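Structure first, commentary second.
The values are calculated or read from the model by the stated rules, or taken from the named source; none is laboratory data. Note that the structure is predicted; figures quoted are calculated from it, not measured. Glycine gets a Cβ as well: all are built from the backbone with ideal geometry, and neighbour counts include every protein chain shown. The accessibility values were calculated without ligands, DNA or RNA, using every heavy atom of the protein model including side chains. Shrake-Rupley method; radii C 1.70, N 1.55, O 1.52, S 1.80 Å.
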Amino acid sequence: MKAPTATHCPYCALQCGMNVAAGSEESGAGETVTITPRQDVPANAGGLCQKGWTAGELLTGGQRLTTPLLHGEPAGWDEALDYVADRIRQVQAEHGSDGVAVFGGGGLTNEKAYQLGKFARTVLRTSQIDYNGRFCMSSAAAASNRAFGMDRGLPFPITDLAEADAVLLAGGNVAETMPPFLRHLTAMRERGGSLIVVDPRLTATARQADLHLQPTPGTDLALALGLLHLAITEGHLDEAYVAGRTTGFDAVRTSVASWWPERVERITGVPVAHMRQAVAILGGAGRAAILTGRGAEQHAKGTDTVTAFINLALALGLPGRPGSGYGCVTGQGNGQGGREHGQKADQLPGYRKIDDPAAREHVARVWGVDPRDLPGPGRSAYELLDALGTAGGPRALLLFGSNPVISAPRAGHVTGRLGSLDLLVVSDLVMSETAAMADVVFPTTQWAEEGGTMTNLEGRVLLRRRAVTPPPGVRSDLEILQGLAVRLRGLFSGEHASAGADPARAFSTEPREVFDELRRASAGGVADYAGITYERIAAETGVFWPCPAEDHPGTPRPFLDGFPTPDGRARFVPVEHRPPGEDVDEEYPLYLTTGRVLAHYQSGAQTRRIAALNAVVDETFVEVHPDLAERLEVSAGQLLRVVSRRGVAEGVARVNPAIRADTVFMPFHWAGANLLTNPELDPVSRMPEFKVCAVRLERVG
Ligand SMILES: Nc1nc2c(c(=O)[nH]1)N[C@H]1C(S)=C(S)[C@@H](COP(=O)(O)OP(=O)(O)OC[C@H]3O[C@@H](n4cnc5c(=O)[nH]c(N)nc54)[C@H](O)[C@@H]3O)O[C@H]1N2
Ligand SMILES: Nc1nc2c(c(=O)[nH]1)N[C@H]1C(S)=C(S)[C@@H](COP(=O)(O)OP(=O)(O)OC[C@H]3O[C@@H](n4cnc5c(=O)[nH]c(N)nc54)[C@H](O)[C@@H]3O)O[C@H]1N2
Ligand code: SF4
Ligand SMILES: [Mo]
C-alpha cells in the first residue's frame, strides 16, 4: 500500500478534503482504493458524506469508458480525433464558425474550464459556448454582481458561520446536499445562535432549524420583500450602515412599503407570526448571515429573488461585517472556479466580460492572438441546447462534463435537439445517457487520476492531486483538447497575421502549465489568480481569490473595507414580485418542485453506478402530502404518473406530511423530473425555472 495522497472529493462544492490510498499506484484500475477524510480542510474537518466515502468505486469498477467510441464501436485515439477534426472542418465550412458549439461543466477543474474556453474562442472561433453552471448558481451570481460588483459564493470563510448569531437559509437543503456543512450551523446553534430555513418541505435541514418558513414554491421574492418591510417597520434598519456603505436605499424603501405582512401571507402561505419571528431573530442578532440555495434561485425570477434577500441583508447592515453577510451555497465541485475562467457565453478568464474591449485586449495578448479575431458573446445554456440542429443554430456540439439528457429542463425536447445534430462529441468517464447518443465518445480521466485546481464554495482555490494511475486507454480532457487543437489549428494557423504560436504549446496537457497561463490571463480581473501557485495552495491548504501577487495573502473576506463597485458601496436594487412562469390551474392543479437526495449526485451518471448508493435509493419517486394522497386515493409505493405541459413521467409515491399539500417533489437524478420542467428563463441570468411548474397526478393502472 502506498502512502495516501491528500486531495478532494469529486462531487460537490464543499470539496471535502480526503486522503486516497491506492492498493498500488502502478496497476491502476482494478485495485482497491481507501478513502478517509482529511482533518486539515476547514470545510469538512474530518467529515464526509456517503457519496464521498464511496467515490472510490468508480475508480476501480468495471463501469469506466476505456476506449474511444466511433458510432458506438471501439476506435483508436488518432482515428477518433481525426474523425472529429474532419467533421468540424466540414460543418464550419458549410455553416460558419458558430456551426460548432461547446458545452462545459462546473465539475471541470479550473485548468480544463480555462482551456475549453480558449479552445472554443481561438481554435473553433465560435461564440457558441456555455455550460451547466448556467443551470446552477447563475441567478445568485447575477444578483451578487449587481449588488456587490463581485460574485464569490460565500464572501467569507465557511467557518465564520459558526460565529454568527443567526443564519437564514432560503431554498437550501444542506443536510442532504452538503452534509458536513451542517456542522458549521450546528456549532452556531450550540453557541446560542438561531437557524431559520425557508423551504416548501420540512427537509432534514429544516428539522434542525429553530424556525421553518414553508412557502408555496416560487414565492420567495414576495417573502423577502415582506421581511424587509417588517425589518423597516420594526426598527431594525441599520441606518449608519445604509448611509455609509450603500446606495439606492430610498427606491427600495418605497418599493417595499406596500408589502405589508398580511399581503405576503396571502401570496406565500407563510403566517405573519412566522415572518415577525424571523425578522426579530435576524434584527436582534449581532452577527447574521443570509444564504440562498437553488430553491430560491432556480426560478424565472431568481435574480430578483436573490436581490431581494441581498436588499434585506444590506438593510440589516450585514455584508462586509465579520461573521455576517450574504452568501450563495453552490453547487458543483468547481461551481465557483468554473464560472470565472471563460466557459460561460459572455465571459473571458478572470471573470472578465467578453464584450469589454480592454478585457479582449488583455486575454488576446496572453493567448498570442488578435483581439479582433475573438468572437463575441453567444447563447446561454438552454438557448444553446434549444437551438441545436435548427436553421441558424449549431450543427455540431462538443460536450465536456455534463449530462443534459437527464439534467436540462424540458429534457425530452433537448434530447430531440441533440439527436438532430450532424455531430455530437462527448468526453466522459462513464457512458452517460448523453454519451450514449454521441457519434464520438472520448474516455477521460477523473478526479483521483489527475492534477489541477478547484475553487470551492468559499472562493478558496484547492489542489486536486493524482492518487492513482488512470486505466490504460483513457486521456485527460487537456490531452483531448490538445489533440483537436493540433489538428484544427484555428487562429494558430498562418492565415492570421497575429498568430503563429504552435497549437501544441498553446494547449499544454500539463495542468500546472495551464494554471500558470490562467494566472496571467486572470491578472487584473475580478477573479484575480495571479498570485496563486500550486506550492502556496499546498502550503496554505488553499488560497482565497482575489490574490493579485505572490506576496499577497489572498482575500478570505473581500467586502470588509468596501465593495468592488466603482464607488465602493453596495447597491440596493428595487425588485417586484411576480407569479411563476406557469401557475397552477384546473387542468394542472399542483406545483411540482425538484431537487436532490443525499445518496445521488446530479444526473446520476456517476452515483447511479455505485452499488452502496443504489442500495439507499435506486428509482425516482414522487413525494406527496397525506391529504393529497387521500384525495387521489393513492398509497405509498404505488406508481404515479405526473403530467405537465412538456411531458409525462412516472415515479413511486412517497407519502410524507413534510411537504405542502399543494406541492409535489421529484428528485432529478433519474430520467423523469426534467421531462416535466418548464424552461422559462430568468431575463438576467438565463436560469431556467427548475423549481416550479404546474402538473397533475394520475394513478397508473
Ligand atoms: N446529494 C447531493 N448533493 C449535492 C448535489 C447533488 O446532486 N446531490 N448537487 C450539488 C449541486 S451542483 C448543487 S447546485 C447543490 C444544490 O443544493 P441545494 O440548493 O441544497 O439543493 P436542492 O435540493 O436543489 O434544493 C434545495 C431545496 O429547495 C427547496 N425548494 C424547492 N422549491 C423552492 C422554492 O420555491 N423556494 C424555496 N425557498 N425552496 C424551494 C427544495 O424543497 C429543496 O429542499 O447541491 C450540491 N450537492
Ligand atoms: N429538475 C432539475 N434539474 C436540474 C437541477 C434541479 O435542481 N432540478 N439542478 C441543475 C444544476 S444546479 C446542475 S449543476 C445541473 C447538473 O447536471 P449535469 O450537468 O448533467 O451534471 P452531472 O450529472 O454532474 O454531469 C457531469 C457529467 O460529466 C462527467 N464528468 C465528471 N467529471 C468530468 C471531467 O472531469 N471531465 C469530463 N469530460 N466529464 C466529467 C460525469 O460522469 C457526468 O456524466 O443540473 C441541473 N438540473
Ligand atoms: S459533502 Fe460534497 S464534497 Fe463532501 S463528501 Fe459529500 S459530496 Fe463530497
Ligand atoms: Mo448545481
**Accessible surface ranking that places the most exposed of ARG64, ARG395, ARG645 first, with a 1.4 angstrom probe** = ARG645, ARG395, ARG64
**Message:** Let me check I've understood the local charge: for GLY562, count other residues with C-beta under 15 angstrom from its C-beta, Lys and Arg +1, Asp and Glu -1. What total comes out?
**Reply:** +4
**Using θ = phi - 60° and Karplus 6.51 cos²θ - 1.76 cosθ + 1.60, couplings along segment 72-77 (whole Hz; Gly, Pro as x)** = x, 9, x, 9, x, 4
**Message:** Based on alpha-carbon atoms only, what is the radius of gyration of segment 590-699 relative to the globular estimate 2.2 N^0.38 Å?
**Reply:** 1.07
**Request:** Quickly estimate the mean residue ellipticity at 222 nm for the chain, helices only: each DSSP H run with n ≥ 4 gives -39500 (n - 2.57), and the total goes over all residues, rounded to 500.
**Result:** -8000 deg cm²/dmol
**Fill in**
In whole Hz, the Karplus estimates of ³J(HN,Hα) for segment 505-511 (6.51, -1.76, 1.60; θ = phi - 60°; x where Gly or Pro) are 7, 5, 10, 5, 9, 8, x
**Asked** Out of THR455, GLN602, THR390, whose Cα points farthest toward the positive end of the dipole of the chain (charges: +1 Lys, Arg; -1 Asp, Glu; placed on Cβ)?
**Response** THR455
**Item:** Rg [Å, one decimal], Dmax [Å, integer] - the chain, C-alpha atoms
**Value:** 24.3, 73
**Request:** Filter the GluC sites (Glu not before Pro) in segment 520-598 to those in DSSP coil with at most 11 other Cβ atoms within 10 Å of their Cβ, and list the result.
**Result:** GLU586, GLU587
**Complete:** Within the chain, pairs of Lys residues whose Cα atoms are less than 21 angstrom apart, provided they are eight or more positions apart or on distinct chains, add up to 7
**Prompt:** Considering only DSSP beta bridges whose two residues both sit in segment 590-699, what percent are antiparallel, to the nearest 5?
**Reply:** 60
**Request:** Please figure out what share of the DSSP beta bridges in the chain is antiparallel and state it in percent, rounded to the nearest 5.
**Result:** 45
**Prompt:** Among ILE232, GLY293, VAL252, whose Cα lies farthest out toward the positive end of the dipole of segment 138-329, if unit charges sit on the beta carbon of Lys, Arg (+1) and Asp, Glu (-1)?
**Reply:** GLY293
**Net charge of Cβ neighbours under 12 Å - reference VAL41; Lys, Arg +1; Asp, Glu -1** = -1
**Fill in**
Charge dipole of the chain built from unit charges on the beta carbon (Lys, Arg +1; Asp, Glu -1), centred at mean Cα; most positive-end Cα among MET666, LEU202, LEU348 is LEU202
**Request:** Leaving ligands, DNA and RNA out of it, report the carbon-plus-sulfur percent of the accessible area of segment 5-60 at a 1.4 Å probe.
**Result:** 50
**Prompt:** Where nothing but the Cβ of Lys and Arg (+1) and of Asp and Glu (-1) is charged, how large is the charge dipole of segment 409-503 around its Cα centre, in debye to the nearest 20?
**Reply:** 200
**Fill in**
Given a 1.4 Å probe, the accessible area of segment 138-329 per residue, as a whole number of Å², is 27
**Prompt:** For ASN19 and ALA45 in the same chain, what is the full-extension length gain: residue separation times 0.36 nm, less their Cα-Cα distance, in nm?
**Reply:** 8.1 nm
**Asked** Given H placed 1.01 Å from N in the peptide plane, which residues other than close sequence neighbours of GLN347 have an amide H under 5 Å from its amide H?
**Response** ILE354
**Prompt:** If you count, for each residue, the other Cβ atoms within 10 Å and average over each peptide, how do 621-634, 556-569, 597-610 line up from highest to lowest?
**Reply:** 597-610, 621-634, 556-569
**Length added when fully stretched, ARG505-ALA615, from 0.36 nm per residue minus Cα-Cα** = 34.9 nm
**Asked** When the dipole is taken about the Cα centre of segment 138-329, and only Lys, Arg (+1) and Asp, Glu (-1) are charged at their Cβ, what size is it in debye, to the nearest 20?
**Response** 160
**Complete:** HN-Hα couplings for segment 341-356 via Karplus (6.51, -1.76, 1.60; θ = phi - 60°), in whole Hz with x for Gly/Pro, come out as 10, x, 9, 8, 3, 10, 10, 10, x, x, 6, 8, 8, 6, 9, 9
**Fill in**
Toy charge model, Lys and Arg Cβ at +1, Asp and Glu Cβ at -1: the chain dipole around Cα centroid in debye, rounded to 20, equals 520
**Prompt:** When all alpha-carbon pairs of segment 138-329 are counted, what percent fall beyond 22 Å?
**Reply:** 39
**For the chain: relative contact order, % (alpha-carbon pairs under 8 angstrom, 6 or more apart)** = 20
